[in-house]
Amino acid sequence: MKKFLSVLLAFLCLGVANAQFANPVKVTTSIKETSATEAVITFHATIDGGWHMYSTQVVPDGPTPCTLNVEKISGAKLDGALKPVGTPIKHYEDMFEADVYYFEKSATFTQKLKLTGGKYEVAGYMEYGACNDQNCIPPTSVDFDFKGEVAPQKEEAKADDKAEEPKAEEEAAEEETEEAADSVAADTAAVVSAAPADGLWTPVIDKLQALDEGGNSNATDNPLWYIFILGFLGGLLALVTPCVWPIIPMTVSFFMKKGTTKKSTEAEKAAARKKGIRDAILYGLSIVVIYVGLGLLVTGFFGASALNSLATNAYFNIFFFLMLLVFGASFIGGFEITLPSKWTNAVDSKANSTTGLLSIFLMAFTLVLVSFSCTGPIIGFLLVEMVTSNIVGPVVGMLGFAIALALPFTLFALFPTMLKSAPKSGNWMNVVKVVLGFVELAFSLKFLSVADLCEGWGILDRETFLALWIALFAILGAYLIGWIRFPHDEDEYDEEGNVIVNQKTSVPRFFMALFSFAFAIYMVPGLWGAPLKAVSAFAPPMKTQDFNLAEELEVKPMFTDYEEGMKYAADHNMPVMIDFTGYGCVNCRKMEAAVFTDQTVAEIMTKDYVLIQLYVDEKTKLAEPIEVVDNGTPRKLRTIGDKWSYLQSSKFGATAQPFYVLLDNEGNPLEKSYSYKEDIDEYLKWLRSGLNTYKNN
């Protein structure tokens, strides 16, 4: 198992590293003459898994849309605009406060042409943007140049066209003349070297890799470890519920005593014990198989594309909200969620009538059915988190859940004396259920919030969300301290059979209540705009806050030009931090909101470093196009964003944003690169390490 997980982790880390260096979108171009007067240019994109390519819709200050830019056209004219084939995915993006449209796996765009007859030529480039959950690539262009010849149009048709659209013909001719002039200017532009003589553009890819031992370890943590641990913790919680814990000693005793009687010899008892240990291990493995099978079933039912879109789909989030709401109400004692008794009876009777491995497997399946009222809500909650995190999340998560659930059956069979020291069943197990019920109710609001933001209902702004969480955790604290009781809480009796009114609060419940009250109090300042970084991942964004007393700290770059910033740093003997970012980069904004706003981070970035912020999607045209060779492919840099994008890929070997590097005054890296990871402590450690290296050199 360890070897399997290690290999799996290595492949995932390799995939993360490659995402920094390879373009996740491959585009092919073609043209087809559909008639003597019409042609269609087709752009077909193949998109790597986990990435999405934005469609043609323009979002103000949003991600880079797919656009067509014609630099030369003759013998033809554009017929309408560039259009996508099929319906793009629509998703509300908090950072842009608007809907964005994109494609996954593949995308096709077409541009119709009107051919005027004879020879024709059309040349230019299509520009597009793409992102995944962690990074975005800079605006990328795909050049095209198509030439052809068609039969001249009949004079009657030409006359009709001229009679119907004389003004449009004149305007089109003027546009062609202007575009031809632009094309001539572009074609006669000198081939400019992008690397100045001072060496500031000299590649340092090998040096970065050496610092980071071959990859960018800051890109992201492996989510499968999180999912596995989440599942394992869920299994441990399921163990201590009233539906599972009391079954453990009965099941283990059954395996240990099976096949023995009072008259059995010591040899027979030893053989029976050996067989009981084997059966208990097989019983535990059967539990693992059943729950991993459930994970496979969930993955197979939804499919990869559906799982990738669940996190932002309003209807699924409403479903998750209602499901967790029902599970939470069940756990606090509103009602019992049970499977039909005939299912349990049928499986149990099969287990009793069969022998061998099948009997043990059916016994494990009976446990799954009998304990569903307690494990079902936990599994439901876990699956919601798993299917919205990773395509193999349900399988890995259910593996962790099953291992935790099966572990005590095997351990107690191997070490029977441990059963004597195990906690006895009691009301404490119902306390566990109630606490889990409150947690599920709290998390249900997260999914309602996502649906609310996607649809723009405005029913769950930040204050409302925090008020509900404050109330939930305050009530949970009151329950734990003993001020509130729920239907399944058992009464305690004295020796005479009278109900004890003033029950004592145990020490564990006191500390749990203390934490719950403290957490509720911690969230109170958030009602007036406090950032509450501990819950920022769950609460609605600050923009939904109606009343905000907090003053947001804004980190402004000192320079937005690489050469100017490097010159200033050299003149003042200061290290450099380069922030490769983009106007349409969601995770760039998340880093700025979660990390850059920290007072210590902001002070180091602005006082100890020369901060250069380079926008790879800046559309301002260069004075002259720059022709370069990028990875063996000729490329024309037309905008300032193209220039910074080329700097990032050619000098640092990376294409995704956000991307941060620390440099000395010669352009050499001081530390490994840093990407998207909302960890203030790690970011500070990275900044300080770069400073120490600069001072010691």
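Just so you know, all these numbers are worked out from the coordinates, no wet-lab data involved. Please read these numbers as outputs of a predicted model, since none were measured by experiment. In this analysis, Cβ positions are derived from the backbone assuming ideal geometry, glycine residues included, and neighbour counts consider all displayed protein chains.
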Q) Cross-link list 621/685; 636/695; 651/685; 112/636; 643/672: which exceed 32 angstrom alpha carbon to alpha carbon? A) 621/685; 636/695
Q: Nearest 5 is fine: what % of DSSP beta bridges in the range 554-696 come out antiparallel, could you say?
A: 65
Q. How large are Rg and Dmax for the range 554-696 when only the alpha carbon atoms are used, in Å?
A. 15.0, 44
Q: May I have the convex hull volume per residue, in Å³, for the Cα set of the range 23-158?
A: 111
(Q) So for each of 508-519, 672-683 I average, over its residues, the number of other beta carbons within 10 Å; can you give me the resulting order with the highest mean first? (A) 672-683, 508-519
**Q.** Sorted by Cβ neighbour density within 10 Å, fewest at the top, the residues 51, 428
**A.** 428, 51
Q. One-quarter of the Cα convex hull surface for the range 636-697, in nm²?
A. 5.0
